[in-house]
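For reference, the structure discussed in these notes is given below.
None of the figures in this text is laboratory data; all of them are computed from the coordinates on show. If you're wondering where the values come from, they're calculated on a predicted model, not measured in any experiment. Virtual Cβ from ideal backbone geometry, glycine too; neighbours counted across all protein chains shown.
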Amino acid sequence: MNAGQFNKKIEVWGKIPFQNEVHAKSFKNSKIKTIWASIVPQTGSLAKQKNADTLLANVTHKIIIRYNSGKNIVDDMWLMYFTNDTDREAYLNDQTLKVGHRFDISYILDPFYKHETLEIYCVESLE
């Protein structure tokens, strides 16, 4: 494993349980941790939306991380990659903003069950 291949700092996001004002269990979107990764584009497809001349691109990526950094990641989480701190801060305050790159996890592989790296296959939707 070449440690230099992990050249992107990504954030793992998910739904975190908390007690709301009436002491019931509720969930909120929250950053779980930051890890180093390699992001490899795989395939892409274009789809035209019905209501306007808007093109939607679905791009699949393979994100490679160290096994111990991501062994607790599950497919209902998502990964975020930001190119600058301004976008990161904006997303921390409002997750509905279209800043950075959001990768929705499709599935996770442990190549050859070696427990060295994890390959996380994701979809990024671009408008």
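Values for this structure:
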{"item": "Likely footprinting exposure, Lys98, Lys31, fewest C-beta neighbours within 10 Å first", "result": "Lys98, Lys31"}
{"item": "For the chain, size of Cβ-based charge dipole, Lys and Arg +1, Asp and Glu -1, in debye", "result": "200 debye"}
{"item": "Fewest-first ranking of Val74, Val123, Val12, Val22, using other Cβ atoms within 10 Å as the exposure measure", "result": "Val22, Val74, Val123, Val12"}
{"item": "Structure-derived Kirkwood radius over Cα pairs in Å - corresponding label in (i) 17.1; (ii) 16.0; (iii) 18.2", "result": "(ii)"}
{"item": "Relative contact order, percent, the chain [alpha-carbon distance under 8 Å, six or more residues apart]", "result": "25 percent"}
{"item": "Residue order, fewest to most beta carbons within 10 Å, for Lys8, Lys114, Lys15", "result": "Lys114, Lys15, Lys8"}
{"item": "Theoretical ellipticity at 222 nm over the chain - DSSP helices of four or more residues, -39500 (n - 2.57) apiece, nearest 500", "result": "-2500 deg cm²/dmol"}
